[in-house]
Structure formats: C-alpha cells, structure tokens
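Asker: Below you will find the structure I want to go over with you.
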Protein chains: 2
Amino acid sequence: MKQYKVGLVGIGTVGTEMIKVLRERKFPCSEIRVLATRDRDQEIAGETFHVRETKAEAFDGLDIVLFAGTEGAKGASKLWGWEAVKRGAVVIDNSADFRQDDRVPLVIPEINAEALDKHQGFIAVPNCSTIITLMGLAPLIRAVPVKHFTAVTFQSVSGAGHKAIDELAAEVKAYQGEEIIAYEPTAFADQIAFNVIPQIGGEKADMPGYTSEEAKMLIESRKILGLPDIKVSCTCVRVPVFYAHSIAIHAQFAQPMTPEMARDIIRKSPGVKLVDDLASGLIPMPIHAGHTDDVQVGRIRIDPCVENGLALFCSGDNIRKGAALNAVQIAEALIQRNLI
Amino acid sequence: MKQYKVGLVGIGTVGTEMIKVLRERKFPCSEIRVLATRDRDQEIAGETFHVRETKAEAFDGLDIVLFAGTEGAKGASKLWGWEAVKRGAVVIDNSADFRQDDRVPLVIPEINAEALDKHQGFIAVPNCSTIITLMGLAPLIRAVPVKHFTAVTFQSVSGAGHKAIDELAAEVKAYQGEEIIAYEPTAFADQIAFNVIPQIGGEKADMPGYTSEEAKMLIESRKILGLPDIKVSCTCVRVPVFYAHSIAIHAQFAQPMTPEMARDIIRKSPGVKLVDDLASGLIPMPIHAGHTDDVQVGRIRIDPCVENGLALFCSGDNIRKGAALNAVQIAEALIQRNLI
C-alpha cells in the first residue's frame, strides 16, 4: 500500500486530535511533518515531533497537508494553502477561510464524497456544527427533499480551543457556593460555567442579527447538500460542556418523513448511531458522544408545527467528527477514489 | 389597605422563594401560614415559622393559599386544593395537576390577567418554560397573530428542586480533570455537569416521542393565549445552569413582524427587558437573568425559513417569574381586580 507524506499545520486542540486520529486509523503515512510558528522538538499526543517553522520550502515533498485552522494556526491556510498545492500537496483545510471558494469542495465524506472528484488540490472541512447537524439530517434529506430546517445548537467550549477548555475548568474550580469567585473570563466574553451564551462569533455583516457561526450553518449546508435554495435558520449557543456539540433540529420535508422512516434511514447510515428510546432514557448526550467517532441521533418525532415536520436531536464530538476525524476521512476518501 | 391571611403549602425551592417574594413586594398579609408534612418550627428565608401539618382545618381562615407544587409538596394541591377553596380561600397552584382543568384559569398576569375574572377559587400557575417563552412571545402575538412557533429550551437544574441544585454542585466539586470522580447522579438520570440532557419528564402517552415537559409548552400556550389551534413544537433540554431557563424561539407570524416592531413592543411590555445589541454583546443570559424579576429578551432577528418568520431568545428566572413571582403576581392581580 502506498504510504503518504502528511503535513500538519497547527497543533492546538484540532491539530493534536488530527495526529491521534491518523494513528488510531493507521493512516498510511511514511511521515507526519508538523509545522507551526517556530522550530522546536515537542511531544504531541504521546509522540515527539521535530516541529518545523512554517515556510514555503517546508511543504516540499508532502502529499497531503492538513491545516488545523484553529487557535495559533488561524489564517495559516490563507498564507500557505495554495503554496502547498503549488508544491504538489493536496490541502485539507479546517479553517473557515475557503469554505465558500468555488474552487474548493466542502466535504463530509459520508454525505458528499463525490464533490472530491473534481478537486483542484484544496478541500475544505465544514464547520463543526454544520457537520454534526448534517450527519443526522442529510441522510433523511437524501431520501425525501427538505423545505427548510431550524437548528438550535448547544456547543461545547472545546470548539473555542484549549484556552476555552481551561477557562471552563478554571471557572468551575473557582466556584464556591453559587458565584464564581475571583475569575475573569478571557476566552469568552462572559462567564461560561453555569451559564449559556447565545452568541458565537460576531454579527454577520450581510445577515443582520445573525452571528458568523449561525450564517455558516446556512451557507455551508447549501453548498454541501448542493441545494442552493434550502432555507435554514439557526441559533448558536455556547454551553458549559467540554466536548461534543448537540443540535436540536426541526425540519419540514416536502413529502412525508415519518419517525419510523427516519429511524430506519439513520440505522443504515454510516457515521451515525441511533440512540432513540425515550422510555429507556436512550437519548443523544455530549457525555456519551464526546471522544467517540459516531454522531448520536435520537429524539426523532413528528414536528406538528408544519406539514411533514420532523424533529430530532444530534450529539457529536466537535473536535473529532466536527474537525479532525472529518479531515482524515477526506484524506482516506481521496485515496479510495484514486484522487491522490 | 386590607391585609390578607396567606397560606403556603410546601417549602422547597419554590415555596421558600414565595416567602421571599411576598416580603420583597410587601404583599399585604397579616399572616403567612406555612403548611408542610409535619408540625415544627423552621427558619425559612430568614424568618422563623411555626410550620403546621397540612390538614383540612389548617386552611381555616385563610384568604389565599399558595401551593408551591414541587418536591415534597408534589400532589398537595390534588389532596387539599379544593378543600381550601371550600373553606373560603382562593388557591394559587404552582403544580401541573390542574392546569388543564376547565374550572381553573391558567394565568401569567402580564398576558392574560382577564382570565382571572371568572375564577372559581382555584387558579393555576403555568409551567416555568411556558411562562418564560410567552413573556417574550405573547406581546408580539397580541400585535400580530402567529401561525406556529418552535421553542428549544435550555433549562436550569433549579427547576428540578434543591436536590438537583445540590447534585450539580456536588458533581462539579467531584470534578477532577475532565471526568466526574466518585459521584453517582440521583436527581437526574445522567450526569448533568458538563452535559446537556435532552429529556425532561417521561414520554407523553398521547404525544409519541414528546416528553411531558414538551407537551406542556403546547397545551399551556394554547390555553393562556386562548388560541386552541396554535401549533407549537418544543424540545426541552436540561443544561448545567443553576438558575434561569433560556429559550430559543423561532416563530411564523400571519403578517409581517419585523425585528424593529418586535423590539418596540418588547420595550413597552411589562415584565420583560430588551437585551438586544449583538455588536455590544448585549444578549439574554441566565447568569444575568437569574435572581431577577424581568425576563430578558434579545437576539431578535428575521427567521428566513418561513414567510414572516422571527427568531428571538429569552432568559428568565424559573423559580421567580417561572413560579414564585408569577404566583404572587396572580394574588396581586386578584386584589387589583377586586376578585378576592
């Protein structure tokens, strides 16, 4: 089997997880070359890497470059992405910077791997909330067209990186009685422990009242599903959970989509796990979905508000399926489809 | 001014808050008679009460009886409610047992105080999530009819009583690193710290897939708004927050309801506070709404999914406006309308 030389730019929460996922899945790589701001030796996910400074020549000889796209590595794919392509690599970018670029397929392999077929060397990983929502919803949409859906998210702090994870932990440790003592938030604008913050990202200039995170759900869903007219409404909320995002989805289908049909489809779909027995307390939850690969789907029921309405609830690990795992799966799909 | 003899049955989270609210608002009472399972002297909210055992004669002479309706007092209004009415009191019941009873008005004073006018001595307080949702939504619906709305809740643990508050605190104290150490949940079926639980209550027999808590949003909204045909869909989720429930609402109106119109209405409505400036980070949040009377309303924006769609986000203290305060406000409205 061919072995690939894999580059990784950025070693925050997502970058570290990318190394774990490559190793766990025994991705066929003869080299993992870690690039960051400066040269040094560093232990990452239990291995010592000679981290190299990110510069044009550092991409030479690589077959695949993963851009982690968060924290320290923000903007790296803007600076170096097409340079890496020019030097012969296929780029898989977890940042938000190229998701709307017409040259760049936006891919969840279980849903639209075929979008890889015409790639131009640069592929984007969708936003974590979009991935987890569509993992549950897209298989249903493939069976019966959807008119619109509403997604209300419960997003974990790990989506905002190491600093945010540390901040929730610190706030919780500072907790005495019912007030946070002597802790000033810096990763979030407000205390996240024992709170929910219904704002992720700034206001989107062309969508008054919507945050950038909420806009992603609409814009990315349209591109991934190949449905430029689908209507999507979204409220994104940060919750005091470490790992796994959850999404309450209410959708209107164009024809009947019964809970039984939906359960049957989810049961047969890859990458999702049906966790749906209210009477037994089997419901999707971040504490169970975190640190696992599958997106849990449950609470499937009729939405009585609209004709052919269906409600469901998904929980999935935002760092794994929402980012690192999805990126590695794209690399695997490229190999499988002889596109690299 | 006439002074009333007020009875209180149950001294859990809500009962204790009822005493606080009566004192804070200087409710005109010559007596607060606390009834519970057995006779004893007990300090409640900084005052020592001679708690009496709940029995028929204990209601004699009372003008108003508040049933706290949670924890130890569950089922008390079923046993003693109409007995108290027979003995001359007006009952204000926070339990879920009589909310659908045709003899019983279901009242949020800011929204449907007129429902009190034909009371038969027994009035019910709606469920906390319904109150907080309708405080934000009903003023808009009064201006422009609504076709349907979807409510996704972020409910605090205090809605499940003292034991649940203690459980979240204990889980958080048991927290070491990222796992809960040596703590077995009892108030909830699963760990609530660093988790969200998308199930509150058991499955509603006549609404497959829906929990009892979700059914309340539909059934109670219809009765309070006097709109028996309004369509409501709801996902109720417990979150690791101590006080204040939050609700993401997506509504379709029958005619245009612009964000500007909605903000103007909220600004002029009693009991709600417009907290709506995304650019300045002014958003409703439980840490700010908790322990206050007003329901915060914000994130008002167009919902592009449907014609005349509007999205908003509310946070309000479930123990105060969601229960104790609303009950005392009902008593105040009865006095104001000369109905007692």
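The values are calculated or read from the model by the stated rules, or taken from the named source; none is laboratory data. None of the values given here were measured: they were computed from a predicted structure. Every residue, glycine among them, receives a Cβ derived from its backbone with ideal geometry; neighbour counts consider all protein chains shown.
Asker: Regarding B:Ile335, is this residue more than 14 Å from chain A (Cβ to nearest Cβ), under 21 Å from B:Phe67 (Cα atoms) and outside any loop (DSSP other than H, G, I, E, B)?
Answerer: Working: more than 14 Å from chain A (Cβ to nearest Cβ): yes; under 21 Å from B:Phe67 (Cα atoms): yes; outside any loop (DSSP other than H, G, I, E, B): yes.
Here the answer is yes, as B:Ile335 does meet what is asked.
Asker: In this structure, does A:Ala289 turn out to be buried (at least 24 other Cβ atoms within 10 Å of the Cβ), free of Cβ contacts under 8 Å to residues at least 60 places away in the same chain and of a type outside the set (S, T, N, Q)? Lay out the reasoning, then the answer.
Answerer: Working: buried (at least 24 other Cβ atoms within 10 Å of the Cβ): yes; free of Cβ contacts under 8 Å to residues at least 60 places away in the same chain: yes; of a type outside the set (S, T, N, Q): yes.
Judged against the criteria, A:Ala289 is a match.
Asker: Could I ask something else about it? Which condition breaks for B:Glu43 when tested against (1) outside any strand (DSSP E or B); (2) closer than 23 Å to B:Asp166 by Cα?
Answerer: (1)
Asker: So, one more: Tell me, please, whether a residue that is free of Cβ contacts under 8 Å to residues at least 60 places away in the same chain, among the hydroxyl-bearing types (Ser, Thr, Tyr) and closer than 27 Å to A:Gln252 by Cβ can be found in segment B:255-275.
Answerer: Yes, because at least one residue in segment B:255-275 is free of Cβ contacts under 8 Å to residues at least 60 places away in the same chain, among the hydroxyl-bearing types (Ser, Thr, Tyr) and closer than 27 Å to A:Gln252 by Cβ.
Asker: Does segment A:202-222 hold any residues that are closer than 13 Å to B:Ile300 by Cα and of a type outside the set (A, V, I, L, M, F, W, C), and which are they?
Answerer: A:Glu203, A:Pro208, A:Gly209, A:Tyr210, A:Thr211 - these are the residues of segment A:202-222 that are closer than 13 Å to B:Ile300 by Cα and of a type outside the set (A, V, I, L, M, F, W, C).
Asker: Moving on to the next point. Tell me which residues, restricted to segment B:250-301, are outside any loop (DSSP other than H, G, I, E, B) and within 9 Å of another protein chain (Cβ to nearest Cβ).
Answerer: Passing the criteria: B:His250, B:Gln252, B:Pro259, B:Leu278, B:Ala279, B:Pro286, B:Ile287, B:His288, B:Gly298, B:Arg299, B:Ile300, B:Arg301.
Yes or no, residue by residue, for (1) among the aromatic types (Phe, Trp, Tyr); (2) closer than 19 Å to B:Lys74 by Cα; (3) modelled with pLDDT of 95 or more:
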| position | (1), (2), (3) |
| --- | --- |
| B:Ala113 | no, no, yes |
| B:Leu116 | no, no, yes |
| B:Gly121 | no, no, yes |
| B:Cys128 | no, yes, yes |
| B:Met135 | no, no, yes |
| B:Ala164 | no, yes, yes |
| B:Val172 | no, no, no |
| B:Glu178 | no, no, no |
| B:Glu184 | no, no, no |
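Asker: Given the criteria touching a His at 6+ places or on another chain (Cβ under 6 Å), of a type in the set (Val, Ile, Thr) and either within 14 Å of another protein chain (Cβ to nearest Cβ) or closer than 26 Å to A:His250 by Cβ (or both), does A:Thr130 qualify?
Answerer: So A:Thr130 fails the test.
Asker: Follow-up question, since we're still on this one. Yes or no: A:Ala56 among the aliphatic types (A, V, I, L, M), closer than 20 Å to A:Thr13 by Cβ and out of contact with any strand residue (DSSP E or B) (no Cβ under 8 Å at 6 or more places or on another chain)? Walk me through how you get there before you give the answer.
Answerer: On the way: among the aliphatic types (A, V, I, L, M): yes; closer than 20 Å to A:Thr13 by Cβ: no; out of contact with any strand residue (DSSP E or B) (no Cβ under 8 Å at 6 or more places or on another chain): yes.
Answer is no for this residue.
Asker: In addition: Inspect all residues belonging to segment B:309-324 and state whether any of them is assigned to a loop (DSSP other than H, G, I, E, B) and either more than 30 Å from B:Pro198 (Cα to Cα) or within 10 Å of chain A (Cβ to nearest Cβ) (or both).
Answerer: no
Asker: For segment B:53-82, which residues satisfy the criterion of being farther than 21 Å from B:Gly161 by Cβ and crowded, with 18+ Cβ neighbours inside 10 Å?
Answerer: Answer for segment B:53-82, where residues must be farther than 21 Å from B:Gly161 by Cβ and crowded, with 18+ Cβ neighbours inside 10 Å: B:Ala58, B:Phe59, B:Leu62, B:Asp63, B:Ile64.
Asker: Now for a separate question. Look at B:Met1 and say whether it is among the aliphatic types (A, V, I, L, M) and more than 14 Å from B:Val65 (Cβ to Cβ).
Answerer: Yes; evaluated as a whole, the condition is true for this residue.
Asker: Please determine, by comparing only the residues of segment A:198-238 that are among the small types (Gly, Ala, Ser), more than 8 Å from chain B (Cβ to nearest Cβ) and assigned to a loop (DSSP other than H, G, I, E, B), which one is farthest from the chain's Cα centre (by Cα).
Answerer: Residue satisfying both the conditions and the ranking: A:Ala205.
Asker: Out of segment B:174-197, which residues are exposed (fewer than 15 other Cβ atoms within 10 Å of the Cβ) and more than 7 Å from every other protein chain (Cβ to nearest Cβ)?
Answerer: Result: B:Gln176, B:Gly177, B:Glu179, B:Ile181, B:Ala182, B:Glu184, B:Thr186.
Asker: Scan (1) more than 7 Å from every other protein chain (Cβ to nearest Cβ); (2) of a type in the set (A, V, I, L, M); (3) in contact with a strand residue (DSSP E or B) (Cβ under 9 Å, 6 or more places away or on another chain) for the single condition B:Val241 breaks and write down its number.
Answerer: Of the numbered conditions (1) more than 7 Å from every other protein chain (Cβ to nearest Cβ); (2) of a type in the set (A, V, I, L, M); (3) in contact with a strand residue (DSSP E or B) (Cβ under 9 Å, 6 or more places away or on another chain), the odd one out for B:Val241 is (1).
Asker: Restricted to segment A:147-173, and to residues that are surrounded by fewer than 24 Cβ atoms within 10 Å (Cβ to Cβ) and of a type in the set (Val, Ile, Thr), which residue is farthest from the chain's Cα centre (by Cα)?
Answerer: By that ranking, first place goes to A:Val172.
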